[in-house]
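Visitor: Pasting a structure here, questions to come.
Every number in this text was worked out from the coordinates using simple rules, so none of it is lab data. In this text, all values refer to a predicted model and were calculated from it rather than measured experimentally. Note that we place each Cβ from the backbone using ideal geometry, even for glycine, and neighbour counts take in every protein chain shown.
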Amino acid sequence: MSSIDEIGSIIRRAALLNAVKHGGRAETGAVMGRILAERPDLRSVIKELAGLCNKTVKEINQLSLSDQRRILEETWPGTLTEAKQRERRMLPPLPNAEKYAHVVTRFSPNPDCVLHIGSTRAIILCHEYARMYDGRFVLRFEDTDPRLKRPKLEFYDLIEEDILWLGCKWDEKVIQSDRMHLYYEWAERLLETSGAYVCTCNREAFRALALASKPCPDRDLEPSEQLARWEKMLDGTYTEKEALVRVKTDLDHPNPAVRDWPALRIIDTEGTPHPRVGSKYRIWPLYNMACGVDDHLLGISHIIRGKEHLTNEVRQRFMYKNLGWTYPETLHYGRLKVIGAELSKSRILRLVQERAVSGFTDPRLATLSALRRRGIAPETLRLLIMEIGPRPVDATLSWENIYAINRKVIDDKADRFFFLEDPVQMTIGGVPKTYVSNPALHPDHPERGTRRLEVKPSGRKANLLISSSDARKLGEGRFIRLMELFNIDVLSVKGDLVEAKFRSDSYEDARKTGAPLLQWLPPTDNIDVSLTMTDGEVMQGLGEKALFHAGVGEVVQLVRVGFGRIDSRSSNRVEIFFAHG
Ligand SMILES: [Zn+2]
């Protein structure tokens with residue numbers, strides 16, 4: 001336990017810091033929150049702490065801002081700088097940002113699935129860098145594969161929703177299937193200038209040539225012949241696989257997969273129409289063509305993406321050279337792995353398709369919509385990504401890492417409520433009077449108000465409810481405190497019935513002996529609560545009436561159970577998705 005002097009000093013420092021941060025006025029709730037976040041052990045003396053905080057904040061708010069700042073700096077040197085750094089963790093500078101009039105970054109998802117936690121790194125880094133340099137952040141849907149990575153209309157919207165939820169609003173949005181004419185235009189330019197050619201080899205024949213660093217026989221045909229063949233690709237003379245456009249590279253490049261890479265191919269969209277443009281186009285750009293052309297045309301200054309794209313940079317640089325373009329700066333970060341989270345889009349799609357999960361928001365998935373549904377805050381993901389940054393080394397996280405941050409982020413917002421899983425009845429004898437308990441909605445925020453729980457004995461006998469899992473742990477003679485109520489001795493536990501006897505009011509009695517604290521509910525006037533856990537299991541139970549005041553989307557703390565988010569409500573029922581303990 002800390003001495004009074006030490007606590008006084010902790011409060012003074014926190015209050016001064018809070019005052020300086022807010023133009024000279026500290027706020028007791030915020031100061032308390034800060035102290036309890038750093039020193040959770042002080043919760044045991046929360047009443048005394050609140051009193052002292054109140055007094056200190058009043059004193060400090062009488063000082064001028066410059067006095068507050070001076071005292072803080074003199075007594076605790078470095079505190080201000082430290083706090084600032086913690087608040088705005090800066091990303092390392094971008095390479096050669098000064099070379100560009102504007103820093104422009106892009107996030108370019110394929111709308112063939114919703115986003116998952118793995119996508120947050122690209123989104124948050126690109127958005128943050130654009131903000132840091134007062135630049136622009138472009139959202140670009142890469143939807144030019146109507147066959148294998150088939151886009152779906154619903155995913156365009158869901159992805160936008162996810163990005164907005166993360167707080168990363170884009171400055172400009174483009175959709176590649178709206179820009180087909182541009183890829184055609186630059187394909188023709190490449191064919192005219194011998195930067196590309198129409199290859200009519202079959203796949204195996206081309207592969208054999210490429211492996212031997214030998215040119216395909218079509219490679220050096222005249223541009224006029226290339227353009228004539230391009231026409232035949234357009235008008236349907238060539239069918240699928242009979243011809244494709246290849247970008248010329250160094251045939252001796254050490255990586256055979258780079259040699260004369262495919263840029264545009266024919267896809268018969270009669271059979272697999274594109275969800276936005278139907279069967280309007282026969283020729284579709286492949287990833288490196290569409291992405292490479294767009295990065296240039298959209299003025300992307302910095303490409304920030306995973307290191308699995310390193311070979312794509314090598315490929316695209318050949319096209320840029322052939323077109324006389326300058327390649328943007330690149331930043332390739334390492335892989336982000338979350339232990340126990342499925343981050344493969346194809347597997348997520350399969351789980352949903354096969355109904356192994358209830359949908360994209362199923363709590364077992366690490367999709368952004370599932371995290372949102374459970375009450376993982378976007379701020380948590382932002383703090384996490386800012387911490388990892390754009391480093392090229394791989395990063396492995398556990399759910400526990402994420403929960404630890406989220407706990408700090410949501411604790412201050414989450415009001416407290418009692419919830420009992422599968423409640424059982426407790427009968428208490430010797431209750432001397434009616435007890436009305438008014439626990440605070442949040443212990444650090446008295447201004448938010450209180451709940452009201454009443455225990456009314458009839459002939460000194462009172463009934464209330466506790467959770468069955470608590471009941472199972474009780475034994476005869478056990479001394480218990482019912483939270484915010486009174487202390488009891490357990491007399492007997494028989495199946496679903498617990499008999500107890502009133503002992504005393506004082507919290508001190510319970511604290512001194514380390515008696516366990518149980519949450520409880522009055523026998524009536526409660527609401528049905530279903531709590532969906534992270535493994536998809538649904539726990540049924542009862543919650544206190546005050547839960548009705550928590551709106552859908554609100555994050556709450558179920559005392560001794562954990563944090564969760566209100567998913568839906570009806571007249572007598574609340575559904576909550578569990579976040580973490
Ligand atoms: Zn060929």
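Visitor: Which count do you get for residues in the stretch 398-408 that are aliphatic (A, V, I, L, M) and surrounded by fewer than 18 Cβ atoms within 10 Å (Cβ to Cβ)?
Guide: Adding up the residues that qualify gives 1.
Visitor: Shifting gears a bit: Quick one: L166 ticks every box in (1) farther than 25 Å from V293 by Cα; (2) away from the ligand (no atom under 16 Å from the Cβ); (3) without any contact (Cβ under 8 Å) to a residue 12 or more places away in the chain except a single one, so which number is it?
Guide: (3)
Visitor: Please specify each residue of the stretch 341-392 satisfying the condition of being of a type in the set (G, A, S), within 28 Å of V552 (Cα to Cα), touching a residue at least 12 places away in the same chain (Cβ under 8 Å) and not in a helix (DSSP H, G or I).
Guide: A341, S358, A366, G375, A377
Visitor: A follow-up question, please. Within the stretch 191-219, can you find the residues that are assigned to a loop (DSSP other than H, G, I, E, B), within 11 Å of the ligand (Cβ to nearest atom) and of a type outside the set (S, T, Y)?
Guide: Those that are assigned to a loop (DSSP other than H, G, I, E, B), within 11 Å of the ligand (Cβ to nearest atom) and of a type outside the set (S, T, Y): C201, N202, K214, P215, C216, P217, D218, R219.
Visitor: Something else about it: So if I check each of F502, F486, which one is touching an Asp or Glu at 6+ places or on another chain (Cβ under 6 Å) and more than 26 Å from S570 (Cβ to Cβ)?
Guide: It is F486.
Visitor: Let me ask something additional. Please give the number of the condition A50 fails out of (1) in contact with a Pro (Cβ under 9 Å, 6 or more places away or on another chain); (2) over 23 Å from H445 (Cα atoms).
Guide: (2)
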